[in-house]
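Below you'll find the structure, written out as structure tokens, and then a few comments.
What follows draws every value from the coordinates through simple rules; no lab data is involved. Computed from a prediction, not measured in an experiment: that's the story for all the values here. Quick reminder, even Gly has a Cβ in these numbers, built from the backbone with ideal geometry, and neighbours come from all protein chains shown.
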Amino acid sequence: MRFLPDAEQRAFAASLDALLTAAGTPAVVRDWSRGDHASGRALWSRVAEAGVFALAVPEAYEGLGPHPAELAVAFVELGRHAVPGPLVETVTAAVLLSGADPGIAKRLLPSLASGGTMATVAPEGAYALDGDAAGLRLSWAPDGVRLSPGHGPVRPSLDPARRLTPLAPGGDVVGTTTEQALVWARLATAAQALGVGLALLDRTVAYVKQRSQFGVPVGSFQAVRHRLADAKIALEFARPLVFGAALTMRPADVSAAKVAACEAAYGTARTALQLHGAIGYTAECDLSLWLTKARALRTAWGGPQECRALVVSAAGDRRW
């Protein structure tokens, strides 16, 4: 069993990295945070052209999937570059609709695969991510998945790029809720968090090499090096869990990967904030775009306590 990407998957990651580096995502994230979606939609189209969203859509509906391993590879890069928008939610919507009535799936899924439509999904009564930008809004209700006819006002979020809106009640039932959709959501969130953590580590290592105290780079101080080493070890331990979970797609494996990746990213964020000193606290510093995202992803689609409980429960059931 492989727990690291193969050559083709690494080439896919490299192509996404080049695309997103050229796009200058920090400026896109800041526009998105202000409610200006133009640059974000343009970037979304380019990500879709690379085939990212099609990986969650079956071939019968003009997709490429399902390919969870390749999706995990892609979401690491999306997290590494802090790409805004309802990324995880669009993938989750694709999985939910893949099990819907064929007529409904044929009508809605091709546009998700091509990037023509953004989707957001939220449990009934909860806030949805980017409901103001999404063209497809799904409410996850006990009696099934419903199309939401609209959304309420945007609410403030810890991460300014994660714009939260309540969904309007009502709408037609388009499918049934599935555990598998939640598994995909958690996998994508875990991979995204891993990418966020890797970006925070890279930026912090570069910074401590440049900043000097007492005539030497602060990165030469043993205490600083130990903090960075701890962050690196946590991220490297999370990486095989994420890719291993993408191979099995077992709920417990994916939950374990989400805990490991999100906790590693959050721990790295705390280290990055401390080692950047006062500038790390400022919104003007690009570092803040990853700091807030690491904290928000930690509780998205199931917080540490919920995911740990699922892992512990599965460990007591030897069938997993």
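List of remarks:
- Each of SER313, SER114 was scored by other Cβ atoms within 10 Å of its Cβ. Listed from fewest to most, they are SER313, SER114.
- Sparse-neighbour loop sites [GluC sites (Glu not before Pro); segment 39-115; at most 16 other C-beta within 10 Å; DSSP]: GLU62
- Candidate aspartates and glutamates for bridging to LYS232, where Cα separation is under 16 Å - those fewer than 8 sequence places away on the same chain excluded: ASP202, GLU263
- Cubic angstrom per residue, convex hull over Cα atoms of the chain: 137
- Using the average count of surrounding beta-carbon atoms within 10 Å as a protection proxy, the listed peptides 13-20, 26-33, 215-222 rank, highest first, as 26-33, 13-20, 215-222.
- Whether segment 7-177 is rounded, prolate or oblate, judged on the alpha carbon gyration tensor where a/c under 1.5 counts as rounded: oblate
- The chain - charge dipole about Cα centre, Lys and Arg +1 at Cβ, Asp and Glu -1, debye rounded to 20: 900
- In the chain, the longest principal axis of the Cα atoms and the axis of helix 304-316 are about 70 degrees apart.
- Residues SER212 and ALA11, FRET efficiency given R0 of 41 Å [Cβ-Cβ distance, rounded to 0.05]: 0.60
- Gaussian network model of the chain, springs between alpha carbon atoms under 10 Å - residue of VAL183, VAL73, VAL154 with greatest fluctuation: VAL154
- Acute angle (nearest 10 degrees) that the helix 222-248 long axis makes with the longest principal axis of the chain, alpha-carbon atoms: 20
- Helix 68-80 vs. the chain, principal-axis angle (Cα, 0 to 90°, nearest 10): 50
- Taking each DSSP H run with n ≥ 4 as -39500 (n - 2.57) and averaging over every residue of the chain yields -19500 deg cm²/dmol at 222 nm.
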